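The values are calculated or read from the model by the stated rules, or taken from the named source; none is laboratory data. Being a predicted model, the structure only gives us computed values, none of them experimental. Here the Cβ positions follow ideal geometry from the backbone for every residue, glycine too, while neighbour counts run over all protein chains shown. Remember, those area values only see protein heavy atoms, side chains included, never the ligands or the DNA or RNA. Shrake-Rupley method; radii C 1.70, N 1.55, O 1.52, S 1.80 Å.
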Amino acid sequence: MEQPISNNKDINFRGYHVASFPSLKNELDEDNNLITPQEVRYETLSWIDREFNPDRFNPSEALNDGSSPSEIKIVYGSSMGDEKLIEMNNKNNTMNNKRKTEKKYIASPPKLVDEKPKFSNDNSSCSSSSPTITELSKTEELENQKTENQSYSNYGTFSNPIKNQNLNYEPLNNNFNNNKFNKKDSSNEYFIIDHDFNKTAYNSYQNSKEKLYSVVTDQETNIIDDSETTPLTASHNHSNSPYKSNGIVPFLQTWSIQCIKFLPAVLLGVLLNLLDSLSYGIIIFPKHESMPSTYVQSGISMFLVSTIVAQLVYASGLSKFKGGNGSMMIEVMPFLHIICQTIIEKIGADKPKEIIATVMVAYAISTILTGLVFYLLGTFKMGNIMSFFPRHILIGCIGGIGLFLVQTGIEIITGYSFELGFTYIKNIFTTPTLPIWLISITLAFGLSIVHTKIHHPLLVPTFFITLPVIFYLIVWIGGFNLDELREQGWLFNLISDDGHNDVPFYTFWTYFDFKATQWSVIPYTLSTIFALVFFGILHVPINVPALSVSVNTEVDINKELKIHGYTNFISGLIGSLQNYLVYSNSVLFIRSGGNSNIAGFMLALGTFALLVVGTSFIKYVPTIIIGGLIFHLGIDLMKEALVDTFKTVSPIEYLTIVLIVVCMDVWGFTQGIIVGIIVACIFFIITLSRRRIIRSVHSGPELPSTVYRLRNQRTFLNDAGIQIKVIRFQGFIFFGTFQQINDYINNMILKTDSYDIKYIIFDFKLVSGMDYSASEAFIKIKSNLKKRKIYLILCNVQPSSIDPLNRVGFLSNIDDDDNNEYFEYFNNYDSAIEWCENMLLETQYDASKRIYVLKTLEDGSTRLLLTRESVYNNSNNYSSSSSNNNINRMSAFTPSPSPITPLSACKSVVKTNINEFEQPLKLLIHTLLNENNEVDMNVFTELTRYFKCFEIKKDKILWDKTTPAFENQIYIVESGQALLYTVNENSNHVIKEKVTGTLVPYSVIGEVEFFSKLQHRTKLVAQGGSKLWSINYSNYESLCNSHPDIALKFIQLILQCSSGRMENVLKHDLIKSLY
């Protein structure tokens, strides 16, 4: 752990003495590798001294001369970036006040009290801050105590709809008994009060209140009415229930009516459960010689038991779906077969008792685990986590299940298990049962074709109810023997181990034998069990929201997941299988009139009756019906996966779907899911790597710093700034996208011959993170740039990107590592570009001393000319005949906005030292006089009479959006700093302030609003220790009246100073608006 920096020790950082600089020391304590904005700003301020006092500039003494640290203070947000947020008090928001101050009228003709309204302004309590500006000409501080009469605008006024009347407004209070109400301090609401009406309304309310009784809503159920009951809640004692006072007979009559009303929907639900149990119950166990002879009947019983458990839980009122249908989860059938096959392989086919006992335990464990996962997802509010699973992978799994069902249907009818090879195809087409499975699959195809034309929900049940009637009609007409048909496979031939046809519904519970269970085999099935659980939980987050939309019921997905946890956990404890809320059956049941918990409970009773009756009726069910049901679902699932998605998904996603279906069929379902996830990840990486990681590229002049530099320095930077390249990144940088950065650096920068790149800025403001490969690649880029002596500058690096860079040593030990000579790291972009500009000024800018030439004309007037020492030294004697040529060469240095007086018209030409002048004359000349520009000296001397000096003791707002236009002034900074902010407010009443300008000495601000007499839309804050000079409207009008020619020249000089700066501000704001 690093020790904090002691306040008693001097600290040297990057050659700067910062012992008396607390803000910089705090930065160093946080990150020794970060170049602070204070350092960059110190370098910027040094260029002001270099410009005007190059002889006495000494960097080592700049911070040790006792000057106030506030003169080089920079304000920036605590978060990474250039912005800071300020929470605004909602009470002071104008629009919010409008909503608070709207009058509300009680529905009665108001009685108006003939008194004038008395308002209290909450803002009046806020005292204005004490003045912090001191005028140099006076020893006392200036006081600005002008009081303004506050008037309400349309947004904040208490509008009076009744004209020419004085109303007595009183604040609202909930106590109707009081004639006078206590006023709330925090409320701005006023109401027109009718006391007589209030009393009448209150008495009426009390009388009617006694006739009402409340209906208590059970928050754990969806019962919202006293008349809404379930068999689990029917015994509750409601004191106000009519059943208690009217006797048991009306109660039974009401129940009978409700049962009769729900009977059609219940019969339909029982029929659907019967069809599902016949089609899916018989394939719960694979067709294998080691399975008991009663595995088909037991599978149907397990299906019905799981369905009954789910139905009872949903009908109890826990779920928000009234009439929701629960059923066994049919999507897990392939995984159940894999579990059985694994156990058979590990134990051996010659031990059927151990096999079925182990299979039942494995089934129960998978169901209990499914319930636990459902419950945990709901408990930890992770109902939407499954939405992150790729949809096309799920569709591919559904297609694999469809193909499995088709193969299983063929196996049930023919007895041949699927094998990849020609032998399997030969067997199923040469078997005597060929007509049976061909008719079954033809009926399924025909139903699917009809279903594309007719979308009625009762089509499928009606179709499979009609088939037995047609089958037995043909048998009766043809006189076929049922036993012979059963031997040929047209009817199921189910015989128990003891030779009886009837198998009790509880037979599957007799399969449990914990002594015979091979517990050592269970771990081999865990991978399949986990795949089963994972695939099983994918459907509920899809079915529940879809059912919610279909039946127009608002549900909590997390609560429904917990309910699914209950049903599966209970089902697993009693030895049954997974279940869930079935979308299609629930929609059909609810729309058929079963939208009640009572109907759901009746459906559970009907399904239980079907279970108790037993499975003896199965021997009369035609095989083509069972096969048709299985084939229908299998074909429907394959159509959904392979046909419906052909034109709706991308080619890569469709290829993934086909690959998953093939892998599931060839290698297995668990392997197919794994292959699908791997392929999806690969395709995702390929797709993501095609996204642009480089958001934009700019040069230095396109996105300059916010510093208000001198005009000649800004002109130089506009030309030399093309040596700065700014690259803005976006998104997540990883091994797949980093190649874009590497290619751009190699092709567009390192191989550029037209001009040399000296500085490259990497802006990470929109980067969400990076991986290890990208971090390593940045080290290689830094090394290549160093070889070419190009500076690499990083800025706006987010915390998610700092950690990967630190782990590879990219940002650590910057000062101690010689390899980081051409690398810098900044907190924000403004500091980075400002540092680059300072480096260009230091290495390439003509920083020779300014020469001021004072010309005296024949008429006695004096003109002041600014040039450079490098140009001035080329002329040996101004009195020589070559002086005119030298003057012309000086004029060529910078285009002159005004003609220069030739020497022949001058009485004398003298070089003068402006630094010896008093303020504000020296300030005005340094600020307003540009190179090769000649101005009458009388202009500057006369302007000094109209400027007033202010010293800023602490941070002071010079103007903001509320400053009236008549208070506008033009400010010129003599020392210190001032920050210009843009202020915006979003819909949440949060004010965002962004620094758009930094005023350093000899900067001019406020001229646009001053001359246009417009209100400011920004905020200007002068830093403590600053000194500014200003001119107001009063002094400016005096100047115009006394010396109109000087006033006109003043405007011209001011606009020359601000022309280039306004262009840079517009560029900066335009580019930043793209974020």
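Side notes on the structure shown:
- Among all residues of region 379-389, there is none that is touching a Gly at 6+ places or on another chain (Cβ under 8 Å), under 30 Å from Asp556 (Cα atoms) and open to solvent by less than 10 Å² (accessible area, probe 1.4 Å).
- Selection status of Ala364, modelled with pLDDT of 95 or more and of a type outside the set (S, T, N, Q): yes
- Breaking point among (1) at pLDDT 85 or above; (2) under 23 Å from Arg711 (Cβ atoms); (3) not acidic (Asp, Glu), for Ile952: (2)
- Flag for Ser650 being hydroxyl-bearing (Ser, Thr, Tyr), crowded, with 20+ Cβ neighbours inside 10 Å, in the same structural domain as Thr342 (by the TED database) and out of contact with any helix residue (DSSP H, G or I) (no Cβ under 6 Å at 6 or more places or on another chain): no
- Close Cβ contacts (under 7 Å, 6 or more residues apart or on different chains) running from residues in region 713-741 that are in contact (Cβ under 8 Å) with a residue 60 or more places away in the chain to residues that are among the basic types (Lys, Arg) and part of a strand (DSSP E or B) are absent.
- Of note, Ile395 satisfies the criterion of being under 41 Å from the mean Cα position of the chain (by Cα) and within 23 Å of Val643 (Cβ to Cβ).
- For Ile356: the one exception among (1) assigned to a helix (DSSP H, G or I); (2) closer than 30 Å to Ile657 by Cα; (3) open to solvent by 10 Å² or more (accessible area, probe 1.4 Å): (2)
- For beta carbons closer than 7 Å, sequence separation of 6+ or different chains, a first residue in region 270-289 that is farther than 24 Å from Leu603 by Cβ and open to solvent by 10 Å² or more (accessible area, probe 1.4 Å) and a second that is part of a helix (DSSP H, G or I) and of a type in the set (A, V, I, L, M), the qualifying pairs are Lys287/Ile412; His288/Ile344.
- Of residues in region 363-420 being assigned to a helix (DSSP H, G or I) and among the charged types (D, E, K, R), the one nearest to Leu318 (Cα to Cα): Arg391
- Inter-residue pairs, beta-carbon under 8 Å, first assigned by the TED database to the domain that holds Ile436 and in region 446-471, second open to solvent by 60 Å² or more (accessible area, probe 1.4 Å) and of a type in the set (Ser, Thr, Tyr), 6+ apart: Pro457/Ser584
- Tallying residues that are touching a helix residue (DSSP H, G or I) at 6+ places or on another chain (Cβ under 8 Å) and at pLDDT below 85 within region 487-506 yields 7.
- Looking across Leu336, Leu420, Leu403, Leu372, one residue alone is touching a residue at least 12 places away in the same chain (Cβ under 8 Å), within 20 Å of Leu532 (Cβ to Cβ) and surrounded by fewer than 17 Cβ atoms within 10 Å (Cβ to Cβ). It is Leu372.
- Region 560-644 holds helices (runs of 4 or more DSSP H) entirely within its bounds, and those carrying 3 or more residues that are of a type in the set (Ser, Thr, Tyr) map to 583-591.
- Listed by position, the strands (runs of 3 or more DSSP E) enclosed by region 812-900 that each have at least 1 residues that are over 30 Å from Ile760 (Cβ atoms), modelled with pLDDT of 80 or more and open to solvent by 50 Å² or more (accessible area, probe 1.4 Å) are 862-868.
- The lone exception for Lys789 - which of (1) at pLDDT 85 or above; (2) open to solvent by 10 Å² or more (accessible area, probe 1.4 Å); (3) over 22 Å from Glu837 (Cα atoms) it fails: (3)
- Residues in region 284-313 that are β-branched (Val, Ile, Thr) and farther than 14 Å from Ile618 by Cα: Ile284, Val305, Thr307, Ile308, Val309, Val313.
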